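Written below as structure tokens is the structure these notes are about.
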């Protein structure tokens, strides 16, 4: 990795010498400070459950109240999207499904980018049925294969999308996995880090020029999590599990079964760092009016992400404590929809529920190391090295320099003095 910061190299899932001090577990603040005006008229959206809301389960099978905001938010806050084209990764279920349904309801052509084509086809059919039967609308929904655990699949998806579409207005980097057992992808990276961050970095790069040409400007929306606040650049090397980030935050040694969630937190921190660094590079390249880079988090929403921890028995009591605070997947999709469609959204902004776990979508503050610009620059360079591409706004399809993926010095890397730290 050359002069790349060891902490960031570990975030990418590579072994390093065990000479770095550990860091105590970072506490997660339940309610961060807020910034900016609220973008949602709270009284109007909090009155009653909207039409078409469904009752959903909590982990363990308990039922809770239906969505109270989704239908009215889509009706009143999402603008007309006729003629626009959107990609939603991981759209066959959960938040991605409800985001895709809302975009289609407002007239966008929506591409469901999913690994499991049968599940994606079922989601497409359900969106079409629901919009036809409930609103008399004809949805424009497509299905396309995308396996985020494979860089080759990401590139193939981009080629196929270009062949079928001449515009891209919104790229919703939504898909993610959480709490899965440690494994490496076919490309040799930690499966959570590649699925949640690296492949979305590559996908954004591959389609960036289309976003930049979108009438009215394109948007790259990166879906993170409150867990990003637990991500840290310091490590406990003694707790490493074959170099797969199992020692981050000092958490693995404190809580049995926590290692998969430590890796998850690191991947979610990477989402925020990527979103903010892309915004900085857009400004530097004079492209801030062409593309907005925005980040969102869903609070605590009842989605399939909880299936893996529940199924494997990984610290289930940790998730049971969230049950009373969960909102439905529909309502969890609102920050993502706000970030993707609202006219007042700012590039470089971070959006989530008003009350952290749940509530109306508002602009909020990121936490932890999300504002570490140096860490973001290092992550950018490492992401380029991992994916074997250059991602420079205005020059996104320039040839990759010979030997670049092997870790040679990159013209966009910060000076060595800036990255030799631990």
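Read-outs: derived from the displayed coordinates by stated rules, not from any lab. Everything numeric in this text was worked out from a predicted model, so none of it was measured. Because the Cβ atoms are built from the backbone with ideal geometry, glycine has one as well, and the counts that use them run over all protein chains shown.
Extension gain, residue 137 to residue 165: 0.36 nm times the residue separation minus the Cα-Cα distance gives 7.9 nm. Using a Förster radius of 35 Å, what is the FRET efficiency between residue 213 and residue 355 based on their Cβ-Cβ separation? Nearest 0.05, please. With R0 = 35 Å, the Cβ-Cβ based efficiency is 0.35.
Take each peptide in 137-144, 166-173, count the other Cβ atoms within 10 Å of every residue, and average; sorted highest first, the result is 166-173, 137-144.
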